[in-house]
Amino acid sequence: LSVAPLAPRWCVHKSLVSPSEIKGVSRTISASIRMCRTISISEDGVQRRIANHHSNLWDHNFIQSLSTPYGATSYHERAQKLIGEVKEMINSISVKDGELITPCNDLLMRLSVVDSFERLGIDRHFKSEIKSALDYVYSYWNEKGIGCGRDSVVADLNATALGFRTLRLHGYPVSSDVLEHFREQKGKFACSAIQTQGDIRSVLNLFRASQVAFPGEKVMEEAEIFSTIYLKEAILKLPVCGLSREISYVLEYGWHINLPRLEARNYIDVFGQDTIYLTPNMKTQKLLELAKLEFNMFHSLQQQELKLLSRWWKDSGFSQMTFPRHRHVDYYTLASCIDCEPQHSSFRLGFAKISHLGTVLDDIYDTFGTMDELELFTAAVERWHPSATEWLPEYMKGVYMVLYETVNEMAVEAEKSQGRDTLSYARKALEAYIDAYMKEAKWIFSGFLPTFEEYLDNGKVSFGYRIGTLQPILTLGIPFPHHILQEIDFPSRLNDVACSILRLKGDIHTYQAERSRGEKSSCISCYMEENPESTEEDAINHINSMIDKLLKELNWEYLRPDSNVPITSKKHAFDIVRAFYHLYKYRDGISVAKYEIKNLVMTTVIEPVPL
C-alpha cells in the first residue's frame with residue numbers, strides 16, 4: 001500500500017482572518033491530515049481507507065513451539081486423588097460437628113468452602129457438595145439473613161453478605177432487604193471504627209454482594225458506594241498481604257469485568273495467606289495443590305487448542321492480510337477464561353474463529369472495502385454458496401470462503417449437540433449482522449449522522465455479540481430447545497440488554513479513533529448532536545449511567561428466580577458479555593491488544609502457575 005498525497009494547501013492571510021477563524025482553519029487542517037493518513041492506494045489501484053492497526057502479536061511459529069509437561073498422566077492421577085480426599089473432607093464436616101465446625105460457625109464455614117472452590121476454579125468437581133452446602137445454608141436463611149452458625153442469635157454481616165451473593169448466583173430466591181438490618185438509624189451501614197481484618201473482610205463481601213444487584217434495589221446501590229469508599233481507605237492502611245491483594249483485585253474487576261480463570265490465577269497466589277475461615281487442618285494446602293494442578297492441566301489443553309487455531313488462521317490466508325486486526329489468540333484467551341471445561345473445545349475454538357472473522361469483516365466494512373465491494377459481499381452472504389465468490393474482488397473471496405466453511409462446520413458440530421439443523425439460526429444472525437454493517441458503511445460514505453436511537457438500534461447488532469454467542473453455545477453439549485433459545489438469543493431481553501451494554505461501552509473507547517478516520521457516527525457524537533449544550537464528558541457520563549442501569553437489568557435477566565430457563569443454560573451467554581466487557585475496561589482492547597490483553601494471554605494461557 002502506498003500513501004496518497006496529503007490534503008490541499010491552505011492559504012491564510014492573517015490580516016483578513018480573525019484568531020477564532022484561524023483556530024477553526026487549524027482544526028480543519030488537522031482533521032484533513034488525520035483523514036489523509038487513513039487513505040491509501042492499494043495494489044489494484046483502488047483508493048482505500050485503512051486504520052493502521054498494530055500487527056499480529058502472536059507469531060505462528062512461536063505458538064507451534066509451545067510445550068508443557070502438564071498433560072502427563074501422573075498429573076491427572078494426582079489431581080483425581082486430591083479430588084477424592086477433598087470430597088472426604090467436605091463430607092465429614094457436612095455430617096457432624098467437631099473442633100473445626102460447630103453450631104456457631106457451620107453456616108459461614110460451608111459458604112467459605114463453596115466460595116473458595118469457585119474462586120480457585122475447581123468447583124466443577126464438587127457440584128453435588130456445593131448444592132448440599134447451599135441447601136443447608138438456605139434452610140437457615142431468614143428475613144434478617146444468617147449468623148455465622150445455625151445456633152447464632154444475631155445475624156452476621158460477613159455471613160449474610162457472602163450467603164446472599166452465593167445463594168443469588170445459584171438461583172435461590174433471596175431478597176436484598178436482609179442488608180437493611182445492618183444499617184444504623186441514619187441509614188448508614190454499621191461498622192466498627194477499628195478496622196480489623198474480620199471487619200474488612202465483611203465489607204469486602206458486602207461489596208461483592210452489591211455487584212449482583214437487580215433493578216430498583218436501592219440498598220444494593222448504597223452498599224456498593226459505602227463498601228467502595230471503606231475498602232479504598234482500608235487498603236491504604238493494610239500492609240501488602242493476601243487480603244490487600246484480594247481487595248485490590250475485587251475493586252479492579254468487580255464481577256462484570258472479572259473472568260473466572262483470571263480470578264483463579266490471582267486467588268491461587270493469595271489463598272491460604274489470610275484465609276481466616278479455613279485453617280490448615282481444613283486441608284487448605286490440598287485445595288491449593290489441586291487448584292494449581294487444574295490450572296496447569298488445562299494450560300496443557302489450551303496449548304493444543306491454540307496450535308489448532310493458529311494453523312487455521314495461517315492456512316486460511318489471514319496471515320497474509322495486512323489491513324485487518326489479527327486477534328484470534330486474544331479471542332481464544334477470552335473463551336478459555338470463561339469456560340475451562342476440557343470437553344468444551346468446540347465452544348472455545350468456535351468463539352475464537354467466529355469472533356476473529358467478525359473483526360476482519362468489521363475492518364472490511366468500516367475501512368478497507370469500497371461501497372461497490374461491500375454491496376457484492378452483502379449479496380454473497382445472502383446467497384450463501386461458493387459460486388457467489390465469482391463476483392467478489394480477490395481479497396474478499398478468501399474471507400468469504402473461510403466464513404462460509406467456518407459457519408457450516410460449526411452448524412455440523414451444533415447438530416451433534418442439539419439433534420437438529422441449526423444453520424438457519426446462524427445464517428439469519430449473520431445476515432442481520434452484515435446488514436447492520438452495510439448500514440454503517442453507508443453512513444460513513446455519505447457522512448450521515450443518525451439519531452441516537454437509530455444508531456444504537458443498529459449498533460447493537462453490528463457489535464457482533466449475537467454471532468459470537470449463538471453458534472458457539474450450540475456446540476456445548478447442553479440442550480437448547482426452542483423455548484430456551486428464545487430466552488437467550490434475539491429478540492430476548494437478555495440479548496438486547498447484552499448488545500446495548502457492549503455497544504455503549506465499546507463506543508466510549510473507540511469513538512475518538514473512529515472519528516479520526518472520518519467516521520462520524522458513535523453513541524457520543526449522536527448524543528451530542530441531539531444535546532448541543534453537552535460536552536464529550538457529559539455524553540460519556542450519560543452513557544456510563546445507561547450502562548450502570550443496564551448491568552442491573554442484565555443481572556436480573558440472568559439470575560431471575562422466576563425464570564423457566566435454568567441459570568446454567570444462560571451462563572455462557574452471560575459470560576460472553578463479561579469477556580467482551582473485559583476488553584473495554586481500559587481502552588479498545590480489540591484494536592490495541594498489546595498491553596492488558598497481551599498480559600491476559602501470558603498469565604492465563606502461555607505461562608503455567610508454579611507448583
| query | In the range 270-290, is there at least one residue being modelled with pLDDT of 95 or more, more than 21 Å from residue 610 (Cβ to Cβ), open to solvent by 20 Å² or more (accessible area, probe 1.4 Å) and of a type in the set (Phe, Trp, Tyr)? | reply | no
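Of all residues in the range 173-231, which are in a helix (DSSP H, G or I) and without any contact (Cβ under 8 Å) to a residue 24 or more places away in the chain?
199, 210, 218, 221, 224, 225, 228, 229
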| task | Considering each residue of the range 74-131, count those that are touching a Leu at 6+ places or on another chain (Cβ under 8 Å), modelled with pLDDT of 95 or more and β-branched (Val, Ile, Thr), and give that number. | result | 3
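If I go through the range 44-83 residue by residue, how many of them are part of a helix (DSSP H, G or I), in contact (Cβ under 8 Å) with a residue 12 or more places away in the chain and either hydrophobic (A, V, I, L, M, F, W, C) or open to solvent by 40 Å² or more (accessible area, probe 1.4 Å) (or both)?
Matching residues across the range 44-83 total 8.
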| query | Would a scan of the range 8-16 turn up a residue that is of a type in the set (A, V, I, L, M, F, W, C), open to solvent by 60 Å² or more (accessible area, probe 1.4 Å), in a helix (DSSP H, G or I) and modelled with pLDDT under 50? | reply | no
| modelled with pLDDT of 95 or more, more than 22 Å from the chain's Cα centre (by Cα), open to solvent by 10 Å² or more (accessible area, probe 1.4 Å) and within 28 Å of residue 592 (Cα to Cα): does that describe residue 301? | no
| In this structure, is residue 565 hydrophobic (A, V, I, L, M, F, W, C), closer than 30 Å to residue 269 by Cβ and open to solvent by less than 20 Å² (accessible area, probe 1.4 Å)? | no
| note | With criteria (1) more than 24 Å from residue 72 (Cα to Cα); (2) outside any helix (DSSP H, G or I); (3) at pLDDT 95 or above, residue 323 comes up short on (3)
| task | Kindly indicate whether any position in the range 156-170 is closer than 20 Å to residue 115 by Cα, open to solvent by less than 20 Å² (accessible area, probe 1.4 Å) and basic (Lys, Arg). | result | yes
| Looking at (1) crowded, with 18+ Cβ neighbours inside 10 Å; (2) under 33 Å from the mean Cα position of the chain (by Cα); (3) within 25 Å of residue 174 (Cα to Cα), which is the only condition residue 86 fails? | (3)
| message | Could you go through the range 366-375 and let me know if any residue there is under 24 Å from the mean Cα position of the chain (by Cα) and part of a helix (DSSP H, G or I). | response | yes
| remark: Checked the range 400-428 for anything among the aromatic types (Phe, Trp, Tyr) and over 19 Å from residue 356 (Cα atoms); matches are 425
| note | Subset of the range 511-555, residues part of a helix (DSSP H, G or I) and modelled with pLDDT under 95, comes to 511, 512, 513, 514, 515, 516
| query | Could you count how many residues in the range 420-437 are crowded, with 20+ Cβ neighbours inside 10 Å and farther than 30 Å from residue 344 by Cβ? | reply | 0
| Do you know which residues across the range 461-483 are assigned to a loop (DSSP other than H, G, I, E, B) and either of a type outside the set (S, T, N, Q) or closer than 13 Å to residue 503 by Cβ (or both)? | 463, 464, 476, 477, 478, 479, 480, 481
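Are any of the residues in the range 323-332 over 30 Å from residue 446 (Cα atoms), among the hydrophobic types (A, V, I, L, M, F, W, C) and either in contact (Cβ under 8 Å) with a residue 12 or more places away in the chain or surrounded by fewer than 23 Cβ atoms within 10 Å (Cβ to Cβ) (or both)?
Yes.
The values are calculated or read from the model by the stated rules, or taken from the named source; none is laboratory data. This is a predicted model, so every value here is computed, not measured. Cβ atoms come from the backbone with ideal geometry, glycine included; neighbour counts cover every protein chain shown. Side chains are part of the model used for accessible areas, which takes the heavy atoms of the whole protein and leaves out ligands, DNA and RNA. Shrake-Rupley method; radii C 1.70, N 1.55, O 1.52, S 1.80 Å.
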